[in-house]
Amino acid sequence: MSKVKVGLIQLGLNADTSLSPVEIRDSMLEGHAPYIEQAASAGVQVLCFQEVFTQPYFCPSQDKRWYAAAESIPDGHTTQLMQEVARKHQMVIVVPIYEEALPGVYYNTAAVIDADGSYLGKYRKTHIPQVAGFWEKFFFKPGASDWPVFKTAYLNLGVYICYDRHFPEGWRALALRGAEYIVNPSATVAGVSEYLWKLEQPAAAAASGVYIGAINRVGTEAPWDLGEFYGQSYVVNPRGDIEAIASRDQDELLVHEIDLAQVREARDQWQFLRDRRPDTYAVLTELETN
């Protein structure tokens, strides 16, 4: 299959953060439901939501009440629900949620579900920021997922999550493992990162010859004064061209057809994977920052 229709859903928070995490989860799932149905009607074959899509981006706080938002994977409520949805619509779904591995151990994770509803596995966010407003190490343990690539019904799929995108090594590792399309579910606010939003992922797509689907949320989230999530979810091709982009401030489903033949064409033309020199790169892991 050369041409695949992909979908990205960006959505603002539709629940009061004073509610319980379970109530917020249910409200966000309800809010996503019509966009999922819209995606199915549009023939979307691979769908992805934003980072921790069932909750607010609670990391401006260091409030342990948000630990109650974590779910087990794959036997938790959200993953099992999305398995049913995937099976119903014959749609691959990437499900980014807060994962409880065991009490007291939590990850920022994306479950991957195939078009027949089967659970294929998960990717745990590798790079965890700890800077003002983004106190993620309070909530998330760094993942060590060994760059899984999921052989879905429609394409070879990789996942990278939000802050991961600033680290080029993971993009390349996923491409070398066979990824044709990599999704990056995010929660990113206006500021320095907005410039990088349209710089880093097109560069990564061109450097490794892959399609990338970048997803961001929209709006602001009280009571935190973190800033505006600026949306602009997009799909970029293996030459680094943004082919489709969503609005800055609207709840939206972005649907776009990608042509996997472009992966081979771009790689055959540029040969960046062939011309790598991994034998010279040992310094990347041997040197430490003092």
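Checking the structure you have, find out if any residue of region 20-32 is part of a loop (DSSP other than H, G, I, E, B) and either in contact (Cβ under 8 Å) with a residue 24 or more places away in the chain or surrounded by 14 or more Cβ atoms within 10 Å (Cβ to Cβ) (or both). Yes: one or more hits.
Which of the residues belonging to region 33-55 are crowded, with 18+ Cβ neighbours inside 10 Å, within 29 Å of residue 139 (Cα to Cα) and aliphatic (A, V, I, L, M)? Those that are crowded, with 18+ Cβ neighbours inside 10 Å, within 29 Å of residue 139 (Cα to Cα) and aliphatic (A, V, I, L, M): 36, 46, 47, 52. Look at region 255-269: where a residue is over 29 Å from residue 10 (Cα atoms) and a partner is small (Gly, Ala, Ser) and surrounded by 17 or more Cβ atoms within 10 Å (Cβ to Cβ), sitting 6+ places away or on another chain with Cβ atoms under 6 Å, you get 267/209. When residues in region 89-146 are screened for being more than 17 Å from residue 52 (Cβ to Cβ), of a type in the set (Phe, Trp, Tyr) and modelled with pLDDT under 95, 0 of them pass. Selection over region 33-53 of residues that are under 19 Å from residue 79 (Cα atoms) and free of Cβ contacts under 8 Å to residues at least 40 places away in the same chain gives a count of 3. Tell me which residues, restricted to region 41-79, are β-branched (Val, Ile, Thr) and touching a His at 6+ places or on another chain (Cβ under 9 Å). Of everything in region 41-79, those that are β-branched (Val, Ile, Thr) and touching a His at 6+ places or on another chain (Cβ under 9 Å) turn out to be 44, 54.
Contact map, region 138-158: residues that are closer than 23 Å to residue 3 by Cα paired with residues that are at pLDDT 95 or above and part of a helix (DSSP H, G or I), Cβ distance under 7 Å, separation 6+ or inter-chain. Pairs shown: 149/174; 158/174. All told, residue 13 falls short of being closer than 23 Å to residue 87 by Cβ and touching a residue at least 60 places away in the same chain (Cβ under 8 Å).
Output yes when any residue across region 201-213 is within 18 Å of residue 229 (Cα to Cα) and either touching a residue at least 12 places away in the same chain (Cβ under 8 Å) or touching a Cys at 6+ places or on another chain (Cβ under 8 Å) (or both), and no when none is. Among the residues of region 201-213, at least one is within 18 Å of residue 229 (Cα to Cα) and either touching a residue at least 12 places away in the same chain (Cβ under 8 Å) or touching a Cys at 6+ places or on another chain (Cβ under 8 Å) (or both), which makes the answer yes. Scan region 56-89 for residues that are more than 19 Å from residue 120 (Cα to Cα) and buried (at least 21 other Cβ atoms within 10 Å of the Cβ) and jot them down. Scanning region 56-89 gives 56, 57, 58, 59, 66, 69, 70.
The values are calculated or read from the model by the stated rules, or taken from the named source; none is laboratory data. Please read these numbers as outputs of a predicted model, since none were measured by experiment. Don't worry about glycine lacking a Cβ; one is built from the backbone with ideal geometry, like all the others, and counts go over all protein chains shown.
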